[in-house]
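Colleague: If you scroll down you'll find the structure; I have some questions about it.
The values are calculated or read from the model by the stated rules, or taken from the named source; none is laboratory data. Just so it is clear, the structure is predicted and the values come from calculations on it, not from any experiment. With ideal geometry, Cβ positions are generated from the backbone for all residues, glycine too; neighbour counts draw on all protein chains shown. Surface areas here come from the heavy atoms of the whole protein model, side chains and all, with no ligands, DNA or RNA. Shrake-Rupley method; radii C 1.70, N 1.55, O 1.52, S 1.80 Å.
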Amino acid sequence: MTRFFIYSELSFTGIKIYLKLTTGRCTSKKRMDGKTVIVTGANTGIGKETARDLARRGARVILACRDMKKAEEALKDIVASTGNSNLEAQHLDVSSLASVRKFADHINKTENRLDVLVNNAGVAAINYKLTSDNLLIGMQVNHFGPFLLTCLLIELLKRSAPSRIIMVSSVLHAYAKFDIDNLNSEKWFSSTQITNILNTQYIVFNKNKVNVNFNFTTGVTANSLHPGAVLTDVWRHLSGVTKAIVTSVLKVFCKDAVEGAQTTIYLAVSEEVEGVTGKYFVDCKVSN
């Protein structure tokens with residue numbers, strides 16, 4: 001039995017090392033001085049590390065967060081670690097369509113430009129919990145809220161072109177199917193992820209929203225990504241045995257928040273994806 005545990009520990013260590021070595025990294029040194037970026041859910045996890053990296057590059061970063069106390073704490077931490085004080089925390093609760101509209105209205109009235117919109121806020125909610133808008137919490141936070149926010153800010157993004165829209169999604173989309181009768185994700189949670197991918201495609205190809213062709217129209221690109229398995233607050237709505245199992249597995253196999261933020265950062269800054277639109281990325285590479 002002792003030998004079994006030793007071999008198991010060695011196996012898990014080997015897997016962990018392999019995953020660390022194969023994790024994608026953004027190697028771009030591009031500065032973001034003069035650029036304005038919005039990162040939703042930026043008070044913790046990969047959103048916070050995305051905001052930190054872009055602030056370090058000189059960007060003006062707006063932390064759009066549900067919990068303002070945590071947002072202010074995150075802002076102070078990022079300012080201290082980067083030396084960039086051109087940051088702002090704004091309240092945004094994507095589980096409330098009214099909050100999304102209020103936030104977007106404020107941004108449109110107060111900001112002269114928006115170069116990057118990172119739709120990062122998300123939740124792993126598999127329980128049947130409805131929002132005040134009578135939508136399932138998982139579907140609204142992961143899809144309907146970000147979709148509305150993007151539509152409301154699209155004109156500002158157009159005026160700031162070349163600009164970028166980034167949708168943080170999940171590999172779970174590969175295990176889902178699109179069902180017109182399941183748009184609120186009542187039947188399976190993973191459908192929120194496939195709608196995020198479709199959301200990106202819609203933004204790209206609907207000429208009334210963003211662009212049909214990057215080179216000859218608005219100059220706004222939209223891409224989605226899978227950050228990898230990251231142990232963050234996205235799992236906060238899990239409970240009981242499910243939460244214990246997920247947490248135990250992720251502690252062995254997951255990325256840390258800095259690693260999980262790399263593909264988002266890559267899509268926000270890399271010269272390699274300039275003009276690239278409608279794609280899905282994993283570990284800083286185009287994937288299916």
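Colleague: Compute the FRET efficiency between Asn288 and Asp105 as 1/(1 + (r/R0)^6), taking r as their Cβ-Cβ distance and R0 = 35 Å, and round to the nearest 0.05.
Modeller: FRET efficiency, Asn288 to Asp105: 0.40.
Colleague: Here's a follow-up. When the Kirkwood hydrodynamic radius is evaluated over all pairs of different C-alpha atoms of the range 32-109, what value in angstrom, to one decimal, is obtained?
Modeller: In the range 32-109 this quantity evaluates to 12.2 Å.
Colleague: How much FRET efficiency would the formula 1/(1 + (r/R0)^6) give for Glu73 and Arg159, where r is the Cβ-Cβ distance and R0 is 30 Å, rounded to 0.05?
Modeller: Once rounded, the FRET efficiency stands at 0.40.
Colleague: Sort the following peptides by mean Cβ neighbour count (other Cβ atoms within 10 Å, averaged over residues), highest first: 152-160, 27-35.
Modeller: Answer by packing, highest mean first, reads 152-160, 27-35.
Colleague: Output the pairs from Lys255/Lys285; Lys29/Lys158; Lys129/Lys255; Lys70/Lys279; Lys158/Lys279 with a Cα-Cα distance over 23 Å in this structure; if there are none, say none.
Modeller: Lys29/Lys158; Lys129/Lys255; Lys70/Lys279
Colleague: Could you give the Stokes-Einstein D for the range 249-288 in µm² per second, using the C-alpha Kirkwood radius, 25 °C, 0.890 mPa s?
Modeller: Answer from the Stokes-Einstein relation: 217 µm²/s.
Colleague: If you don't mind, another one. What is the ratio of the Cα radius of gyration of the range 120-165 to 2.2 N^0.38 Å, where N is its residue count, to two decimals?
Modeller: 1.42
Colleague: Still on this structure, I have one more. Quick one: with all protein chains in place, what share of the accessible area of the range 69-158 is carbon or sulfur, to the nearest percent (1.4 Å probe)?
Modeller: 50
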